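Novice: Pasting in a structure now, in structure tokens, and then I'll have a few things to ask.
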Amino acid sequence: MNRLLAALLAPKPQPLPEPDAKLALGALMVRVAKSDHLYRFEEIRRIDRLLSRVNAIGPIEAAKMRATCEKLEHAFPDTGALAHLIREAVPHEARIDALEALWEVVLSDDVGQDEEIAVIQTAQEALGLSEADSDAARARALDETR
């Protein structure tokens, strides 16, 4: 009975914000990190650093943004739909930068899993980018993670 009352009296969760390109990128980074069923500290730390760098925000704001992105990632099961939000909002070079960020997350734990690569490939296609774009983004990400 107490659990029922607690559930009824609990505050309603805040609705998720409408995703924009920045939140969609964050959600994709979370999706890549979680795709191998191991959401490692190194990946979380890299996502926070990327969100901070890309959005010119501090570490606390980046962690809060990541928490929102984690909820969005769960709410949007279609990787292509998230990537499409980015494709519609930013120019080609910025889409390559987004793909580079995804590669940085994959490379952050030194364990590139097939599941992570599959998410990258889906995102790459939905972003309208070529294999050459992905290869260039991966090479830049390798430089960033060393």
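A short reminder: the numbers here are calculations on the coordinates, not readings from a lab. As the structure is a prediction and not an experimental result, all values here were calculated from the model. All Cβ positions, even for glycine, are placed from backbone atoms using ideal geometry, and neighbour counts span all protein chains on display.
Novice: Just to check I understand the Karplus step: with θ = phi - 60° and J = 6.51 cos²θ - 1.76 cosθ + 1.60, what whole-Hz values come out for region 51-58, glycine and proline as x?
Specialist: 4, 5, 5, 5, 9, 6, 10, x
Novice: Kindly write out, for region 134-146 in residue order, the coupling ³J(HN,Hα) from the Karplus curve 6.51 cos²θ - 1.76 cosθ + 1.60 (θ = phi - 60°), rounded to whole Hz, with x marking Gly and Pro.
Specialist: 5, 4, 5, 5, 5, 5, 5, 5, 4, 4, 5, 8, 7
Novice: Out of ASP48, ASP36, ASP110, any idea which swings most in a Gaussian network model of the chain, alpha carbons joined below 10 Å?
Specialist: Of ASP48, ASP36, ASP110, the Gaussian network model singles out ASP110 as fluctuating most.
Novice: Pull out the extension gain between ALA89 and GLU61, defined as 0.36 nm times the separation in residues minus the alpha carbon to alpha carbon distance; nm, one decimal.
Specialist: On the way: separation 28, 0.36 × 28 = 10.08 nm, distance 2.23 nm.
Stretched fully, the ALA89-GLU61 segment lengthens by 7.8 nm.
Novice: Report, in deg cm²/dmol and to the nearest 500, the calculated mean residue ellipticity at 222 nm for the chain, where each DSSP H run with n ≥ 4 adds -39500 (n - 2.57) and the sum is divided by the residue count.
Specialist: Values: 8 runs with 109 residues, N = 146.
That comes out to -24000 deg cm²/dmol.
Novice: Please find, in a Gaussian network model of the chain (springs between Cα atoms separated by less than 10 Å), the residue of ALA27, ALA63, ALA101 whose mean-square fluctuation is greatest.
Specialist: The residue that fluctuates most here is ALA63.
Novice: Counting Lys and Arg as +1 and Asp and Glu as -1, each charge on the Cβ, what is the dipole of the chain about the Cα centre in debye, to the nearest 20? Before the final figure, lay out each step's value.
Specialist: On the way: 18 positive and 26 negative charges, 170 e Å.
Around 820 debye, computed over the chain.
Novice: Also, quick follow-up: Taking θ = phi - 60°, what integer Hz values does the Karplus form 6.51 cos²θ - 1.76 cosθ + 1.60 yield along region 100-107, in sequence order, with x for Gly and Pro?
Specialist: So the Karplus estimates, Gly and Pro as x, are 4, 4, 4, 5, 4, 5, 4, 7 Hz.
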